[in-house]
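Student: Handing you a structure now.
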Amino acid sequence: MTKPVPQPGIMKIKPYVGGASGIEGVTNVIKLSSNENPFGPSPLAVEAFQKAGHELHRYPNTDHASLRAAIGSLHGLDPERIICGVGSDEIITFLCQCYSGPETEVIYTEHGFSMYKISALAAGATPVKVPERERMVDVNEILQAVTPKTSLVFVTNPGNPTGTMVSRADLSRLARELPDDVLLVIDGAYAEYVDGFDGGASLVEKHQNVVMTRTFSKMYGLGGLRIGWGYGSAEIIGVLNRVRGPFNLSMPQLDAAETALGDREHVARCLQENTRLRAWLAESLAELGVPSDTSCANFILARFADEDEANACDEFLQSEGIIVRRVAGYGLPNCLRITVGDEASCRRVAHMIGRFKGVPPKAEGNPKNGGAL
């Protein structure tokens, strides 16, 4: 007896697993596993979301014009070349759906975001993983992996889960040396955490085959609403809009995102605190014998001696009500990704890793000055 058969590639997909949010038997957990903004969204955005609840019987607009105009105004971009989606994940899906498929290849890097592979397989394409160098994207490896079948190249900048960045010069060289028919996608989910970084917008302006994706889930604290956007040439954005559902974003999503975008005071405060506490946490763990690369995001990638030590530390932290993220699935079995939380959370996780390592606690330092516990 015959039965329905899924499209090629679908059964090769291992569903994405998000960071854990609970520990059995523990009520008050410290969640540092999903790179969420510990200070939450702008209070003004929450108010806008609540107000939108009075209009839930109305359909949202289909063109997202107001939100696109606000994004364009803030970043100096053409609103007509912006597309909004259900998180930047949906933009990634659109890109694979429209520009890859059977007999094509999609390049992503060794420690890159797992949704690149998933979206490529869903479109029937062949994902091609290229090595990184010391947890850094290697432009030479990407260029060497390009074949006549290559249709898309995904680069996360800053990287996740590494937190490292591709230099402006290397990113420019990659865009310049890729074939014109290969689409370079710069995933800037953490771009707001890098002062002066445009997320790749300037490269979009210079090259017809470059697209930038961004999200409201990280700096803007709207992960629960799932709002993202992309920027590219008018032709590419026009293609993506042909497969975008007409009502992919709800009115509460649109209103909350636009309001969050306008609260620059909240964004500045979140950036300042993340920068301060990230440096303090990285230095504190380094003094405990747990190094990390310089992070340009809202997390650090803590490196342990081996996978056994990383897993043992994770289990110890869970026993103390702290959730971090194992990243063996990203090719980093000896590492734990730790979100930069608020000051109390950072102090707590540093203290507990110190206990795990058997290092006696020091007098508490001032995070402003990078002091360690």
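The values are calculated or read from the model by the stated rules, or taken from the named source; none is laboratory data. If you're wondering where the values come from, they're calculated on a predicted model, not measured in any experiment. Ideal geometry is used to build each Cβ from the backbone, glycine not excepted, and the neighbour counts take in all protein chains shown.
Student: Find all pairs meeting these conditions: Cβ atoms under 8 angstrom apart; at least six residues apart or on different chains; first residue within segment 199-216 and in the same structural domain as I237 (by TED's automatic domain parsing); second residue among the acidic types (D, E) and in a loop (DSSP other than H, G, I, E, B).
Tutor: Q208/D180; N209/D180; N209/D181
Student: If I filter segment 285-305 for residues that are over 26 Å from Y330 (Cα atoms) and of a type in the set (K, R), do I get at least one hit?
Tutor: No.
Student: Only residues in segment 304-315 that are assigned by TED's automatic domain parsing to the domain that holds I338 and more than 13 Å from L285 (Cα to Cα) count as the first member; pair them with residues that are of a type in the set (F, W, Y) and at pLDDT 95 or above, Cβ under 7 angstrom, at least 6 apart or cross-chain, and list the lot.
Tutor: These pairs meet every condition: A310/F304.
Student: Which strands (runs of 3 or more DSSP E) does segment 228-339 wholly contain that include 1 or more residues that are crowded, with 20+ Cβ neighbours inside 10 Å and hydroxyl-bearing (S, T, Y)? First the steps, then the outcome.
Tutor: Details: elements: 228-231, 299-303, 335-339.
Of the strands (runs of 3 or more DSSP E) lying wholly inside segment 228-339, those with at least 1 residues that are crowded, with 20+ Cβ neighbours inside 10 Å and hydroxyl-bearing (S, T, Y) span 228-231, 335-339.
Student: Just to verify a result, which residue in segment 14-32, among those that are at pLDDT 80 or above and touching a helix residue (DSSP H, G or I) at 6+ places or on another chain (Cβ under 7 Å), is nearest to A344 (Cα to Cα)?
Tutor: Step by step, filter segment 14-32, then rank; the result is I30.
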